[in-house]
Amino acid sequence: AKAEDLSGNLAVQMGSATEAFNQFWFEKQTGRVVADRGKFAISKHYPFMAANLDGVTMTARGRLAYWDAKHVGRFDEATVLRYTPQMTHCCTILGLDWWILSVFIGNSKWETIENEIDPLYQAELIAREREFWKFVTDDIEPLEAEVPVLAPKPQPRLRSITIPVENDEVFVAMVRQDIWLN
């Protein structure tokens, strides 16, 4: 099918215009270089997987990672989950285990998040993409009764937090400084 004309789509154009600035800002704030911005890549192991890449860089701990620039209205766990399929797809193409989102939130805040690939989610995503690609190569439309080929939904990772108890040093310090709501 002919590609959709996105030249009038504000979100797409804003994202395109801010990518270079996002890269500049990420490099300035972290001291880490982003390479291969705009490169088209095809997976060596899964030739049905390809993408235009935002870039490749290093994590804070020195691991090679796929890097992607985003410009969003708000940034929360749901935002991270929304981009997880794309990030997993690009990491799979590159054979990487880590990804980094560099995110402008509105016009006054910048955040970055680093995440490791979930191998179970990645295996399911590859299987679904392979299934989808078979329909393309066989030039067959899925039957209406068939379940559509969709990427699996990423699951948020559970985090544990430690709640201080009354005889704990942290608890005592929080009470002394009255910083409960800060």
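The values are calculated or read from the model by the stated rules, or taken from the named source; none is laboratory data. This one's a predicted model, so the numbers in the text were calculated from it and none came from an experiment. Cβ coordinates were reconstructed from backbone atoms using ideal geometry, including for glycine residues, and neighbour counts include every protein chain displayed. Just so you know, the surface numbers come from the protein's heavy atoms only, side chains and all, with ligands and any DNA or RNA stripped out. Shrake-Rupley method; radii C 1.70, N 1.55, O 1.52, S 1.80 Å.
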| said: Being of a type in the set (S, T, Y), surrounded by 12 or more Cβ atoms within 10 Å (Cβ to Cβ) and more than 16 Å from the chain's Cα centre (by Cα) is the requirement here; does Y46 meet it? | reply: yes
| field | Among (1) in a helix (DSSP H, G or I); (2) on the phi > 0 side of the Ramachandran plot - the single one R128 does not satisfy | value | (2)
| field | Near pairs, Cβ below 7 angstrom, 6+ apart or cross-chain, from region 7-26 (farther than 18 Å from N52 by Cα) to any residue that is assigned to a loop (DSSP other than H, G, I, E, B) | value | F26/V34
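A quick yes/no check of all residues on (1) over 15 Å from Q23 (Cα atoms); (2) loosely packed, with under 12 Cβ neighbours inside 10 Å; (3) of a type outside the set (V, I, T):
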site	(1), (2), (3)
W98	yes, no, yes
L101	no, no, yes
I105	no, no, no
E111	no, no, yes
L125	yes, no, yes
V136	yes, yes, no
| message | Condition (residue is closer than 15 Å to Q23 by Cα and in contact (Cβ under 8 Å) with a residue 24 or more places away in the chain) applied to region 71-91: is it met by at least one residue? | response | yes
| query | How many residues does region 113-123 hold that are under 21 Å from Q23 (Cα atoms) and either more than 14 Å from the chain's Cα centre (by Cα) or free of Cβ contacts under 8 Å to residues at least 40 places away in the same chain (or both)? | reply | 3
| remark: Scanning region 5-21 for residues that are open to solvent by less than 60 Å² (accessible area, probe 1.4 Å), among the small types (G, A, S) and modelled with pLDDT of 90 or more gives A20
| Residue count, region 64-110 (criterion: among the charged types (D, E, K, R) and closer than 21 Å to H45 by Cα) | 1
